[in-house]
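Okay, structure first, notes after.
The values are calculated or read from the model by the stated rules, or taken from the named source; none is laboratory data. Predicted model only: the values in this text are computed from it and were never measured. Ideal geometry is used to build each Cβ from the backbone, glycine not excepted, and the neighbour counts take in all protein chains shown. Calculation scope for accessible area: heavy atoms of the full protein, side chains included, ligands and nucleic acids excluded. Shrake-Rupley method; radii C 1.70, N 1.55, O 1.52, S 1.80 Å.
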Amino acid sequence: MTQAFRIENGGLINREKKLSFKFNGKTYFGYEGDTLASALLANGVHLVGRSFKYHRPRGFFGAGVDEPYAVVQLYRNGETEPNIKATEQELFEGLEAKSVNCWPSVNFDIGAINNFLRIFLPAGFYYKTFMWPKSFWYRIYEPFIRKAAGLGVASTKHDNERYEHKYEYCDLLIAGSGPSGLAGAYAAAKNGAKVILAEDKPRFGGSLLTSDVNIGNQSGKDWADGIVAELKTMPNVVVKNRSQIFGYYDHNMLVMSEKVSDHLPSTKKYHPNKRLWYIRAKEVLISSGSIERPIVFGNNDTPGVMLSSAAKEYLKVYGVLVGRKPLVFTNNDSGYETAIEFKKHGVDPVVLDSRKNPVSEIIDEAKNLGINIKNSYVVVAAQGYKKVKSADIASISEDKKQLGKIENVQCDCICVSGFWTPTIHLASQSGNKTKFKEEIDAFVPGQSKQNEITLGAANGVFSLEETLKTSFTAGSELSKKITENDNKIAIPNVVEKKSSQHDKFWCVPLPKGKNYKRFLDFQNDVAVSDIEIALREGYRSIEHVKRYTTLGMATDQGKTSNLNGLQLVSEIENKVVPAVGHTTFRPPYTPVSIGAIVGREVGKHSKPTRKSPMHSWHEKNNAVFVDAGVWLRPRYYRRGNENLFEGSKREAKNVRTNVGVCDVTTLGKIDIKGPDAAELLNRVYTNSWLKLPVGKARYGVMLREDGIVMDDGTTTRISENHYHMTTTTAQAANVLSHLEYYLQLVWPELNVNVVSTTEQWAGAAIAGPKSRDLLQKLFPNSDVSNGGLPFMGYMEGDLFGVKARIYRISFSGELAYEVNVESDYGNFMWEKIIEVGEEFNIQPYGTEALSTLRIEMGHVAGSELDGRTIPFDNALEGLVSKKKDFIGKRSLQRSAFIAEDRQRIVGVVPLDKQTSIPEGSHLVKDDKAPLPNPKLGHISASCWSVEYDNPFSLAILKDGKNMIGQKLFAMSPLKNKVIPVEIVSSHYVDPKGERVRS
Amino acid sequence: MLYINCPHCGMRSQNEFSYGGDASVKRPELNKEVSDQEWDDFVYNRKSLRGKHLELWQHISGCRQWIKVERDTATHEIFRTFKADEEVA
Ligand SMILES: [Zn+2]
């Protein structure tokens, strides 16, 4: 297949390497160095999609990041990605892409009916629709809109690509490698500054790639190539292409997305697809250039209507003619540059210039080439449905209100230039309050807010000579401040053609009796008439107009539409543009892949996984693991075909009858040392700590200042000034911060040090009536009798040559001990316990059995200490000292906390002794009461009591103290269950606590 | 992302810190009689300032020190940082 619109020579593509690709199922050819857009245009393909709302045929409008139409679904190496701009996607062998917004196909599109029904889809359509009956919305509108709209389909498959994050620091970050960026980078680099130069396109040089200028006796492009080549050899410079700086955040933090592999058929081994750079820059030079803006006229969205600069770029960079009968419609000199390029390639353009009698070097050149120029002429409307076939043109009066006689001229493309809009997004994101520059009808950055400076076209400076001068100067001044070097650089001579003033003209009036759609926002289908409706309906603020009409809200963020929208509002409202103001620019400047934002923190890597030293033993012994925060803990150890219920019941039962061992390494551990350690504990915990003897442990509860329980655990006095605190697994980090807060800020006079030792100790809880017998065999030289090691006692022991700490504490309510050894010996300890415990029928038990044991004992845990309960609620008021002060004590006097019918922990048993009560169920008096049924309390934890062989739950119940014996209902609408229950004591098993002391 | 000058470690990115609220709040002394109003002011009542605000941050992924940061809540400009025991003039 021939590339009918590719010229013989020229362009920066590699004609040696032909590439095949598919678009909407059809095979085409292009060259290495093409974009998908340039390759399609080379093949004469202009119809690439349908518009968002009216589904009108859409082609290419730009040649880069500003493209509003040509958004495609890309298929690459078995993956698919939506919302890809064909103008940015580089061609590779085997690329496949499809149009979006089309159903069933780009040529026959059902949504295009909207185009004929558009009277029903005016501005605010979506807002108004949302207010219609809800049933209509989800049955009729939503499915229709979902099917017909959208910018492609996100893949539902696992993304096999890898994305990386990188943190970088530099002296000077430069956004954009046009003349300004290159000059700034070069000057700064020569001063020894650490420079990062970022270019979003594959090729460096920006406007120098397409402009007819001369710098230091070289073409603009050759000069740019030379500078880039030199920068690349400098160790203090990072030069990155395919890298878009899309966000400017606080304190000079900028984020850049580097497309590492998108231009390749598949990602190379060990390479990421994209790399997200977080760059902290001392200074930022914004040289992001400018984007040509359209002139608004009838049917200006027809395929074949495009920016004149894009037509020039397709020709100069890709060797592609966007048409053979071009019409150039301009209000400034830029259109002539495009016309001249056409002419040089043997194509005869017609130039319509809205100006009456402009004079400049460029226009002279065009005239000398014999180009047909019509002054005071405009395009009234494009004609043709899927492609421009002709244009209605007319002369226009000087006040731009009256059109002359309408003539129809044949053409196959309309290249439009409405002057240039500086790309101020990054400056605006930095907090810079932009200002309106009258001479160019556009906003430019104002006073710098962060350490940023905007230069060149991005600052509204369109003269190359001035751009280079200011940028070289800025580059050397900014770097001089940092490196204190001052290497002078000679600013090269510049030859460029002088331009004349542009015409402040942006919208062609409608001819009498015609009602052409004149689009402002091409991607979101916002036309002049929509803005008029919004204003008629009373919207005034530009932010409201934007949201009501969706002007500038598409994925191109109104790069080509914003200013024309503002012009229109200002005209109708009779205000000047700066008074209307522009909408706020927010990151990202261009769409960024979610994958790039997430980076490598996906799947198992979305958070770290913590494992105890005994983890491999658990794995080998059929442990079924459960996430406990970031820890992996055995939930139960499966035997045969056991399920969770059967396995955990067996394990819990074995603890009650023989002995079990549980990995408790995950408990938070904090080492506390210093002469004031006891005083700190006394202030942190609700109970008294000043008289705890050495070698004794104590259970404690700590509150937040608002009186709510923060955490509980045991703390042991290891020696005179040395304590070992344990916290719950979940609260370990918070408790450490809490202690540090009081020690550093509130009571700095206390001489105490705290440090986390969670990872230094491996822990095993040995629980059950036979635990002492086992312990004695593990520590034959220690006296672990009830007298030698009483309840809440502590001793050190020798575990087959390993130093161990033995605490007689119990969470299960059984006679129990906890043995700690240094983590490296954790597995050794565990294996010894299992080996020696064999004769006592030891079984390891997981968190499910652990829960069962604590629930039927009425011991509180995280589900009761849920950030909403005070000590009384958990039946822990006995631990609240009346004598001393402590953190949060004063709050316990709050009237709600001392109310007579204050909530309190209770036990709950189903009347049928069969039905397990779902956790989270509400307790109500009357299951038939009308909704909302008054809630008396909720089920905090449920288990199957192994002691009584029936379900048992804990609940936090209003007036729980006086509710024992009452019959209520546990309701779980979620599980569709209503269970009649009886309220009992929370201490279901061994209420006097005799076993732990036995 | 803010760039915070830890008085112990130097310039560090915000993601090494955790926020700790208003640094001007003073905890009533232990064992002192305090009125409901005083206690409520200490526990709950905070000004939601626009502008200069003295606040606490903890360098949790660094030196673990609590520090005071003088920051503009509207512009995020950070003026000064202080050690926990430094008096703010
Ligand atoms: Zn620090």
*Cβ pairs under 6 Å, 6+ apart, first in the range A:784-811 and in contact (Cβ under 8 Å) with a residue 60 or more places away in the chain, second among the hydroxyl-bearing types (Ser, Thr, Tyr) and open to solvent by 10 Å² or more (accessible area, probe 1.4 Å)*: A:Tyr807/A:Tyr794; A:Ile809/A:Thr714
*Test set (1) surrounded by 13 or more Cβ atoms within 10 Å (Cβ to Cβ); (2) over 46 Å from the mean Cα position of the chain (by Cα) - A:Ile956 fails condition number*: (2)
*List every residue pair whose Cβ atoms lie under 8 Å apart, where the two residues are 6 or more positions apart in sequence or sit on different chains, the first residue falls within the range A:15-35 and is of a type in the set (A, V, I, L, M), and the second residue, located anywhere, is open to solvent by 70 Å² or more (accessible area, probe 1.4 Å) and assigned to a strand (DSSP E or B).*
A:Leu19/A:Glu32
*the range A:884-896: number of residues that are within 10 Å of another protein chain (Cβ to nearest Cβ) and assigned to a loop (DSSP other than H, G, I, E, B)*: 7
*Failed item, numbered, when A:Gly226 is tested on (1) surrounded by fewer than 24 Cβ atoms within 10 Å (Cβ to Cβ); (2) within 14 Å of chain B (Cβ to nearest Cβ)*: (2)
*asked:* Given the criteria modelled with pLDDT of 95 or more, open to solvent by 30 Å² or more (accessible area, probe 1.4 Å), of a type in the set (A, V, I, L, M, F, W, C) and part of a helix (DSSP H, G or I), does A:Ile482 qualify?
replied: yes
*Only residues in the range B:3-14 that are open to solvent by less than 50 Å² (accessible area, probe 1.4 Å) count as the first member; pair them with residues that are at pLDDT below 95 and more than 10 Å from the ligand (Cβ to nearest atom), Cβ under 6 angstrom, at least 6 apart or cross-chain, and list the lot.*
B:Ser13/B:Met1
*From A:Phe443, A:Phe436, residue being of a type outside the set (Asp, Glu), under 22 Å from A:Ala175 (Cβ atoms), outside the structural domain of A:Gly558 (by TED's automatic domain parsing) and out of contact with any Asp or Glu (no Cβ under 8 Å at 6 or more places or on another chain)*: A:Phe443
*What are the residues in the range A:689-716 that are small (Gly, Ala, Ser) and more than 14 Å from every other protein chain (Cβ to nearest Cβ), if any?*
A:Gly695, A:Ala697, A:Gly700, A:Gly713
*Just for the range A:779-836: of the residues that are of a type in the set (Phe, Trp, Tyr) and open to solvent by less than 10 Å² (accessible area, probe 1.4 Å), which one is nearest to the chain's Cα centre (by Cα)?*
A:Trp830
*For the range A:947-962, name all the residues that are closer than 20 Å to A:Asp866 by Cβ and either in a loop (DSSP other than H, G, I, E, B) or not assigned by TED's automatic domain parsing to the domain that holds A:Arg904 (or both).*
A:Lys958, A:Asp959
*Matching entry among A:Phe108, A:Phe61, A:Phe125 (being open to solvent by less than 10 Å² (accessible area, probe 1.4 Å) and modelled with pLDDT of 55 or more)*: A:Phe61
*asked:* From the list A:Val508, A:Val495, A:Val526, A:Val444, exactly one residue is in contact with a strand residue (DSSP E or B) (Cβ under 6 Å, 6 or more places away or on another chain), open to solvent by 30 Å² or more (accessible area, probe 1.4 Å) and hydrophobic (A, V, I, L, M, F, W, C). Which is it?
replied: A:Val495
*What is the residue count in the range A:448-468 for residues that are open to solvent by 60 Å² or more (accessible area, probe 1.4 Å) and either among the basic types (Lys, Arg) or out of contact with any helix residue (DSSP H, G or I) (no Cβ under 6 Å at 6 or more places or on another chain) (or both)?*
4
_Can you pull out every residue in the range B:15-31 that is within 8 Å of chain A (Cβ to nearest Cβ) and of a type in the set (Lys, Arg)?_
B:Arg27
*For A:Glu740, all conditions in the list (1) open to solvent by 20 Å² or more (accessible area, probe 1.4 Å); (2) within 14 Å of chain B (Cβ to nearest Cβ); (3) among the charged types (D, E, K, R) hold save one; what is the number of the exception?*
(1)
*Enumeration of residues in the range B:15-24 that are more than 13 Å from the ligand (Cβ to nearest atom) and either open to solvent by less than 50 Å² (accessible area, probe 1.4 Å) or part of a strand (DSSP E or B) (or both)*: B:Tyr19, B:Gly20, B:Gly21, B:Asp22, B:Ala23
*For B:Arg27, are the conditions met, namely being more than 13 Å from the chain's Cα centre (by Cα), away from the ligand (no atom under 14 Å from the Cβ) and touching a residue at least 24 places away in the same chain (Cβ under 8 Å)?*
no
*Residue list for the range A:1-39, restricted to those being of a type in the set (Ser, Thr, Tyr) and either outside any loop (DSSP other than H, G, I, E, B) or under 19 Å from A:Lys85 (Cα atoms) (or both)*: A:Ser20, A:Thr27, A:Tyr28, A:Tyr31, A:Thr35, A:Ser38
*asked:* Filter the range A:837-857 down to the residues that are among the small types (Gly, Ala, Ser) and crowded, with 23+ Cβ neighbours inside 10 Å and list them by number.
replied: A:Gly837, A:Gly846, A:Ala849
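Here is a yes/no grid of residues against (1) under 25 Å from A:Asn432 (Cβ atoms); (2) in the same structural domain as A:Gly629 (by TED's automatic domain parsing); (3) at pLDDT 85 or above; (4) among the aliphatic types (A, V, I, L, M):
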position	(1), (2), (3), (4)
A:Phe505	no, no, yes, no
A:Pro511	no, no, yes, no
A:Phe522	no, no, no, no
A:Ala534	no, no, yes, yes
A:Thr555	yes, no, no, no
A:Gly565	yes, no, yes, no
A:His582	yes, no, no, no
A:Glu601	no, no, yes, no
A:His605	no, no, yes, no
_Need a quick list: strands (runs of 3 or more DSSP E) entirely within the range A:672-791 having at least 1 residues that are touching a Phe, Trp or Tyr at 6+ places or on another chain (Cβ under 8 Å)._
A:697-703, A:709-719, A:761-767
_The listed residue being of a type outside the set (A, V, I, L, M), more than 30 Å from A:Phe897 (Cβ to Cβ) and assigned by TED's automatic domain parsing to the domain that holds A:Val819, out of A:Asn654, A:Asn751, A:Asn721_ = A:Asn654
_Subset of the range A:416-435 [open to solvent by 40 Å² or more (accessible area, probe 1.4 Å) and either polar (S, T, N, Q) or within 28 Å of A:Val508 (Cβ to Cβ) (or both)]_ = A:Trp420
*Residue, farthest from the chain's Cα centre (by Cα), within the range A:744-762, restricted to residues that are surrounded by 19 or more Cβ atoms within 10 Å (Cβ to Cβ) and more than 9 Å from every other protein chain (Cβ to nearest Cβ)*: A:Val752
_Name the residue that is farthest from the ligand (Cβ to nearest atom), counting only residues in the range B:55-87 that are open to solvent by 50 Å² or more (accessible area, probe 1.4 Å) and under 24 Å from A:Leu750 (Cβ atoms)._
B:Glu87
